[in-house]
Protein chains: 2
Amino acid sequence: MYQADVIVTLKPVVNDPQGSTIKSALHALGFTAVEDVRAGKLLRLTLDTDDRAEAAAMTESMARQLLANSVIEDFKISLVALEAPARSRRA
Amino acid sequence: MYQADVIVTLKPVVNDPQGSTIKSALHALGFTAVEDVRAGKLLRLTLDTDDRAEAAAMTESMARQLLANSVIEDFKISLVALEAPARSRRA
């Protein structure tokens, strides 16, 4: 089992109204040291495979086909091997 | 300057309709090895401070006050020191 984290971020040239709004809200709360805020998405996938290369290829393919919009977004993948399914214990 | 990444995820007991929808879409595309999808948010903050402890404390405070809803969400912070502002070069 692999856990694949796909971080999807807007390309630097793309406007980020959500980030701008959060930045304004943080300034209003007194956090004036915040120079910039960019918002992105995390998609955490649990994959039923024990082959790291297969997990990487699959995740890359999913990101290109569905998870990220390559016109305006970049993505980054990180993989972590999971031990036996933790069904009966707390993570 | 520090870059603080705040990853906000739904607590494991909280339903994640966005993740479920993405999982269904991935299955429909043939990625049947996907066992679970959880969606989360990334907030990437640029902080005008060179003090790592201050950056960490500030980010933690912002996450508690605004960025995460502690009733249903967890958050995780990671800090990276940035070199001189890269205004004239590409990251």
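Listing for the model above:
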| read-out | value |
| --- | --- |
| Nearest-20 debye value, the protein assembly as shown charge dipole, Cβ charges on Lys, Arg, Asp, Glu | 260 debye |
| Tilt relative to chain A, helix A:52-62 - C-alpha long axis, 0 to 90 degrees, to 10 | 50 degrees |
| Peptide-level mean, for B:27-36, of C-beta atoms on other protein chains within 10 Å | 5 |
| Built amide H within the under 5 Å cut-off of A:Glu73, gap 5+ | A:Lys11 |
| Over chain B, equivalent-ellipsoid semi-axes from the Cα gyration tensor in Å | 32, 19, 8 |
| Cβ nearest the rotation axis (A onto B), residue from chain A and distance to the nearest whole Å | A:Leu42, 3 |
| Top positive-direction residue, dipole computed over chain A with Cβ charges, set A:Ile77, A:Leu42, A:Met1 | A:Leu42 |
| Inter-copy separations for B:Leu66, label at 7 Å along Cα-Cβ, nm, ascending | 3.4 |
| Tilt relative to chain A, helix A:17-28 - C-alpha long axis, 0 to 90 degrees, to 10 | 60 degrees |
| Pseudo-label separations to other copies for A:Gln18 - Cα-to-Cβ vector, 7 Å, nm | 0.5 |
| Lysine pairs meeting the criterion (Cα under 19 Å, 8 or more apart or interchain), as found in the protein assembly as shown | 20 |
| Spin-label pair A:Leu66/B:Leu82, simplified geometry with 7 Å Cα→Cβ offset, distance in nm | 3.4 nm |
| Size of charge dipole - chain B - debye, nearest 20, with Cβ of Lys, Arg +1 and Asp, Glu -1, no other charges | 320 debye |
| FRET efficiency, A:Gln18 to B:Ala56 (Cβ-Cβ, R0 25 Å, nearest 0.05) | 0.60 |
| From phi via Karplus (6.51, -1.76, 1.60), per-residue ³J(HN,Hα) for the stretch B:32-41 in Hz, x at Gly/Pro | 7, 7, 7, 8, 7, 9, 10, 9, x, 10 |
| Cα pair count fraction exceeding 25 Å, expressed as % - the protein assembly as shown | 40 percent |
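Where a number appears in this text, it was derived from the coordinates with a stated rule and is not lab data. Note that this is a predicted model, so its numbers are computed, not measured. Because the Cβ atoms are built from the backbone with ideal geometry, glycine has one as well, and the counts that use them run over all protein chains shown.
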